[in-house]
Amino acid sequence: MFKKVLIANRGEIAVRVIRTLREMEIGSVAVYSQADHSSLHVRLADEAVCIGPAMARESYLSIPSVIAAAKITGADAIHPGYGFLAENAEFSAACRDNGITFIGPSPKSIEQLGHKAEARKMAAKAGIPVTPGTKDCVHKDAAEHAAKVGYPIMIKAAAGGGGKGIRIVREAGQLKNEMNIAQSESKAAFGNGDVYFEKYIELPRHIEVQFARDVHGNTIAFPERDCSIQRRHQKLVEESPSPAVNKALREKLEDAAVKLAEAANYVGVGTVEFLLDQQGNFYFMEVNTRLQVEHPVTECITGFDLVREQLLAAAGEKLSYTGGHTVSYRGHSIEHRVNAEDFTRNFAPSAGRIEDWLVPGGPGVRVDTHVYAGYNLPIYYDSMLAKLIVWAPTREMAVARSRRALQDFQVKGVHTTIDAHKLIVENEEFRAGRTDTGFMERLLAPAVPAAAK
Amino acid sequence: MDVKILTKLTKWMETTDLEEITWKNGKDKISLKFNNNPVHNSVISSALEPVLSPSIGIFRFARPGKTNHLKEGASVKKGQELGIVEVGKEFKSVTAPTDGLLKIISIEDSKPVEYGQPMFFVEPK
């Protein structure tokens, strides 16, 4: 096992990693930007080094600076957290070239699975359902191709991104017209009018499966997480298990994750994301080759420490469980992301000094945070203040626990999303477990003034 | 006690994560301590100009194969290279911010430095 690990990150995830390192009696090195000198990870780590100015590009994203910090402090491994350099193949390679272990998958795995089209090909080859669509661009016989994919379909720009050039077609009669619009939009935006078709999945759930694999070939898939409650693709609430997944579906999802991890010869922890339609069909979406923000809900229902599993895998040891591809779980866990945002003003970011900070506790409550009373929130980074995670024997009890914990959570000095979470837990659809990616839009529709849209 | 040195030190401290420092120079001794969340709005100008490390890395007084004999009290010219910080394969130049006298050298050759670490103090002419 490693002697000393440098955490190339900040915020709650740096604090989270330091905690596991301390339990495993491994030394910890925090790196920080000038704007973060009073952040909690700096105070908790055994050592801390300033690696650059506030701008992440010159500090947390600077590969030479992070590597220099590891060499100066004598760290033998680097944990990248999530975001920043966590899915950067160049960084993973730089660690390897400097004789430092990157706590994450190989540069090859990051490249293969991080590239959406490559990952999709690999998933299809491993027998995992991918969203039906045309493999190549559609030039003629559009009606035949569309019928084959099956309505509703999405027309997507081949050179696309950022939602531009996407048209949704619900029936054959609209196809010709929408095709013309999509092609001209795509040509205007990307200088290329090529389009392809993909099945449009109406109000899907976002389901993901955490997996872990070691160099000895042991692979574990954990029970699924449901991350359907999102706002503009930003997850707000995650839970595990999903209220929409039964035992048979869970087995299929876990099997898909194991197959993909094995096909990629993956070492470390990762997550496969799927879309689940209203009929219970699931489709591969993408792979995240890192620890995820919402990993604690999996930890709460399974008792695993996923950072520990990452360290074991990276050190070439065996995972802590080698008795099969699946693990048992107990109860239900929900995570609420508490961000410094004013949800009544279209989630505008809020900054300032945290005057008052009282976090909930008691049975089944966990708060992962880097914030404390008196902390000055820097404006340079993401707005997450804390993750409130609850566990209870049933979903109903977990929702009640969330409601209680959210009431206990007292923050003064900045706006937070706590009130948005209170609205969510009081909502009938949520309480019944009937959520999908359109949930937040429906919940906030009356609250958002027309001008804000 | 030179109030200019005091204000300069205070200003410099704001750019670091230090909470407390003691600085001795001959008979002079300055101790400074910050409260946890200082709010400083004052604009301060003063005598000693700190030269901060432009990067994390290894400090060297001279580039490979070169020598550079710097002594406290020596005259320096604005832009004059006082040393380099080696980070990966790159050398980041450390230069005098102004014409003046090199009053303090607070770094040794081949030692690791953090970003923003003071390495020299120059008294402008």
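The values are calculated or read from the model by the stated rules, or taken from the named source; none is laboratory data. Source: prediction; values computed, not measured. Here Cβ is always computed from backbone atoms with ideal geometry, including for glycine, and neighbour counts include all displayed protein chains.
In the set (1) touching a Phe, Trp or Tyr at 6+ places or on another chain (Cβ under 6 Å); (2) within 14 Å of chain B (Cβ to nearest Cβ), A:GLU341 fails one condition alone, (2). Would you mind stating whether A:ALA159 is over 30 Å from A:ASN265 (Cβ atoms) and modelled with pLDDT under 90? It is true that A:ALA159 is over 30 Å from A:ASN265 (Cβ atoms) and modelled with pLDDT under 90.
Quick check on A:GLU309: is it farther than 23 Å from A:GLY438 by Cβ, buried (at least 22 other Cβ atoms within 10 Å of the Cβ) and of a type in the set (Asp, Glu)? Answer is yes for this residue.
Report yes if A:GLU144 is at negative phi, surrounded by 13 or more Cβ atoms within 10 Å (Cβ to Cβ) and not aliphatic (A, V, I, L, M), otherwise no. So A:GLU144 fails the test. Taking the stated definitions as given, is B:GLU81 within 14 Å of chain A (Cβ to nearest Cβ) and of a type in the set (Asp, Glu)? The answer is no for B:GLU81.
Among A:SER228, A:SER186, which is outside the structural domain of A:PHE284 (by TED's automatic domain parsing) and either more than 25 Å from the chain's Cα centre (by Cα) or among the polar types (S, T, N, Q) (or both)? Give the derivation first.
On the way: A:SER228 fails: outside the structural domain of A:PHE284 (by TED's automatic domain parsing).
A:SER186 is the lone residue from the list that is outside the structural domain of A:PHE284 (by TED's automatic domain parsing) and either more than 25 Å from the chain's Cα centre (by Cα) or among the polar types (S, T, N, Q) (or both).
What are the residues in segment B:48-71 that are of a type outside the set (D, E, K, R), part of a loop (DSSP other than H, G, I, E, B) and either within 14 Å of chain A (Cβ to nearest Cβ) or over 16 Å from B:ILE105 (Cα atoms) (or both), if any? Spell out the reasoning first.
Within segment B:48-71, the subset of a type outside the set (D, E, K, R) is B:48, B:50-59, B:61-62, B:64-65, B:67-70.
Keeping just the survivors that are part of a loop (DSSP other than H, G, I, E, B) gives B:48, B:53-56, B:61-62, B:64-65, B:67-70.
Residues satisfying the conditions are B:SER53, B:PRO54, B:SER55, B:ILE56, B:PRO64, B:GLY65, B:THR67.
The residue of segment A:283-304 that is nearest to A:GLY331 (Cα to Cα), among those that are buried (at least 24 other Cβ atoms within 10 Å of the Cβ) and among the aliphatic types (A, V, I, L, M), is A:VAL297.
Would you check if there is a residue in segment A:152-165 being surrounded by fewer than 18 Cβ atoms within 10 Å (Cβ to Cβ), under 21 Å from A:ASP277 (Cβ atoms) and not assigned by TED's automatic domain parsing to the domain that holds A:TYR321?
Applying the first criterion (surrounded by fewer than 18 Cβ atoms within 10 Å (Cβ to Cβ)) to segment A:152-165 yields A:152, A:158-159, A:161-164.
Checking which are under 21 Å from A:ASP277 (Cβ atoms) leaves us with A:152, A:163.
Imposing the further condition that a residue be not assigned by TED's automatic domain parsing to the domain that holds A:TYR321 reduces the set to A:152, A:163.
Within segment A:152-165, one or more residues are surrounded by fewer than 18 Cβ atoms within 10 Å (Cβ to Cβ), under 21 Å from A:ASP277 (Cβ atoms) and not assigned by TED's automatic domain parsing to the domain that holds A:TYR321.
The single residue among A:SER59, A:SER39, A:SER109 that is closer than 15 Å to B:VAL87 by Cα and either touching a residue at least 60 places away in the same chain (Cβ under 8 Å) or crowded, with 23+ Cβ neighbours inside 10 Å (or both) turns out to be A:SER59. Regarding A:THR134, is this residue more than 21 Å from the chain's Cα centre (by Cα), farther than 21 Å from A:VAL267 by Cβ, surrounded by 17 or more Cβ atoms within 10 Å (Cβ to Cβ) and assigned by TED's automatic domain parsing to the domain that holds A:ALA48? No.
Out of all the residues in segment A:203-215, is one or more out of contact with any helix residue (DSSP H, G or I) (no Cβ under 7 Å at 6 or more places or on another chain), touching a residue at least 40 places away in the same chain (Cβ under 8 Å), at negative phi and of a type in the set (D, E, K, R)? Among the residues of segment A:203-215, at least one is out of contact with any helix residue (DSSP H, G or I) (no Cβ under 7 Å at 6 or more places or on another chain), touching a residue at least 40 places away in the same chain (Cβ under 8 Å), at negative phi and of a type in the set (D, E, K, R), which makes the answer yes.
For segment A:200-243, the tally of residues that are among the hydrophobic types (A, V, I, L, M, F, W, C), part of a loop (DSSP other than H, G, I, E, B) and under 30 Å from A:ALA315 (Cα atoms) stands at 2.
Could you go through segment A:105-125 and let me know if any residue there is under 22 Å from B:LYS92 (Cβ atoms) and either within 14 Å of chain B (Cβ to nearest Cβ) or modelled with pLDDT of 90 or more (or both). Quick ask: steps written out before the conclusion?
We begin by selecting, within segment A:105-125, every residue under 22 Å from B:LYS92 (Cβ atoms); these are none.
Looking for residues that are under 22 Å from B:LYS92 (Cβ atoms) and either within 14 Å of chain B (Cβ to nearest Cβ) or modelled with pLDDT of 90 or more (or both), one finds none in segment A:105-125, hence no.
If you go through segment A:62-86 and keep only what is more than 8 Å from every other protein chain (Cβ to nearest Cβ) and without any contact (Cβ under 8 Å) to a residue 24 or more places away in the chain, you end up with just A:SER62.
Residues in segment B:84-118 that are small (Gly, Ala, Ser) and either away from chain A (no Cβ under 14 Å) or in a strand (DSSP E or B) (or both) were compared, and the one that is farthest from B:TRP23 (Cα to Cα) is B:SER93. A:GLU144 meets each of the listed conditions (1) touching a residue at least 12 places away in the same chain (Cβ under 8 Å); (2) out of contact with any helix residue (DSSP H, G or I) (no Cβ under 9 Å at 6 or more places or on another chain) apart from (1).
Please pick out the residue among A:VAL215, A:VAL272, A:VAL267 that is of a type outside the set (Lys, Arg) and closer than 22 Å to A:PRO129 by Cβ.
Working: A:VAL215 fails: closer than 22 Å to A:PRO129 by Cβ; A:VAL267 fails: closer than 22 Å to A:PRO129 by Cβ.
After ruling out the rest, the residue left standing is A:VAL272.
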